1. For the range 7-119, what is one quarter of the convex hull surface built on the Cα atoms, given in nm²?
2. Where a Cα-Cα gap under 20 Å defines reach, which lysines qualify for Lys262, not counting those fewer than 8 residues away within the same chain?
3. For a quick check of your reading of the filter: which GluC sites (Glu not before Pro) in the range 98-158 sit in a DSSP loop and have no more than 16 other Cβ atoms within 10 Å?
4. Taking the Cα centre of the chain as the origin and placing charges on Cβ (Lys, Arg +1; Asp, Glu -1), which of Val258, Pro158, Tyr197 is farthest toward the positive end of the dipole?
5. Just in the range 334-370: which GluC sites (Glu not before Pro) are loop by DSSP and have at most 13 other Cβ atoms within 10 Å?
6. Where the centre of each part is set by its Cα atoms, how far does the range 317-380 sit from the range 19-98, in angstrom?
7. Taking the range 144-228, which GluC sites (Glu not before Pro) meet the DSSP loop condition and have no more than 14 other C-beta atoms within 10 Å?
8. Report, to two decimal places, the Cα Rg of the range 62-103 normalised by 2.2 N^0.38 Å (N = number of residues).
Amino acid sequence: MDFTLTGEQELLRDGLTKFLATRYELGKSRTAAKTGAGWQPDIWRSFADELGILGATLPESAGGLGGGPVEVMVIAEALGHALVIEPYVDTVVICGGLLARAGGERATALLEQIAAGTAVVALASMEPDSGDNITEVTTTARRDGQDWVLDGAKIAVPAAPLATHLIITAATDEGISLFVMECDSAAPPAGMVAHGYRTIDDRRAADLEFTGLRLPADALLGEAGQALPSLTRARDEGTAAICSEAVGAMRKVLSDTVEYSKQRQQFGTPIGSFQVLQHRMVDMYMEVEQAVAAAYLAVLNLDADPDVRARAVSAAKATAGRAVRFVGQNAVQLHGGMGMTEELAIGHYFKRLTAIQYEFGSTAHHLSRYAELTRPAAAR
């Protein structure tokens, strides 16, 4: 594997890191998360206009720069380090990938809006009884003249309250299909009810109910019944991206913990001088480095055959899931009670790391998936 970034990728990393260090204040972002719209739209537009990261990995035909998985990794890690709540992974990585593979005029137009920072797109795929299995789709879409009519429910749709558009998975006569629709959380269309809420890690999500939701014929993305391969790839791409995000967050948490241990004194000496705590922080460092290696493995295999890609992604998610739990919990313990306060950054990072354990499938789910994919073909 080649872990060396190109000159362009280094510029991307350095420019984004500098922007976030000077323009993205943690206290301001938490206030935005808890009040009003739940995010900072001006920051989102700056991502597009000043940095160009919203289009960095989108197709050139849609106004993007045609970057690949490594660019996503660089961006996601920087966003994780700054604890950015704006929905980059949901909109650009997952929905951007689905739209690019679906093709067509409507998909291309929406990709152009994403790159310009004028659209936020959310994927509604999880259902009340589906667990971590995206293939269990009970939401239905039936033809009615020139229109499609959707019935069903989706839960925990990330970024839905912020979204200008939704991509919805539904079962048609041909199989699992994707549908895109414009939306306004303040005034949902007839046939849809949205229940929005703030998640434990200060992000926004919603549960959606569809009852006779009518969509035009061009709402169908790609061919009817052919969405599963693209959907599976999008989930793997999103999983790899949050593994990189986790790496950025854990590096920040570890750095803050080491610095705190040099300042906090007990018995007249810095607690960082105690060997048992030094060992604990070394263990945290090792967990972070293992997660880094696993994230690289996933990123560099996203264009491989589906089984190879899936094994690498599940290995990365299982490794990151173990790491974020260990690093987050030990960071809070080493900070003491103040580690869980709203005033200290470490508590906010801990909440995000805890949520990452379950996003795009739990650690147990990915361990099971990896075990299944590594069994001999004859035994599957």
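1. For the range 7-119, the mean projected area of the Cα convex hull comes to 6.7 nm².
2. Here the lysines satisfying the reach criterion relative to Lys262 are Lys252.
3. Qualifying residues, ordered by number: Glu136.
4. It is Val258, whose Cα lies furthest towards the positive end.
5. Glu342, Glu343
6. Their Cα centres are 22 Å away from one another.
7. Glu174, Glu223
8. 1.21
No lab work stands behind these numbers, since they all come straight from the coordinates. This one's a predicted model, so the numbers in the text were calculated from it and none came from an experiment. Here Cβ is always computed from backbone atoms with ideal geometry, including for glycine, and neighbour counts include all displayed protein chains.
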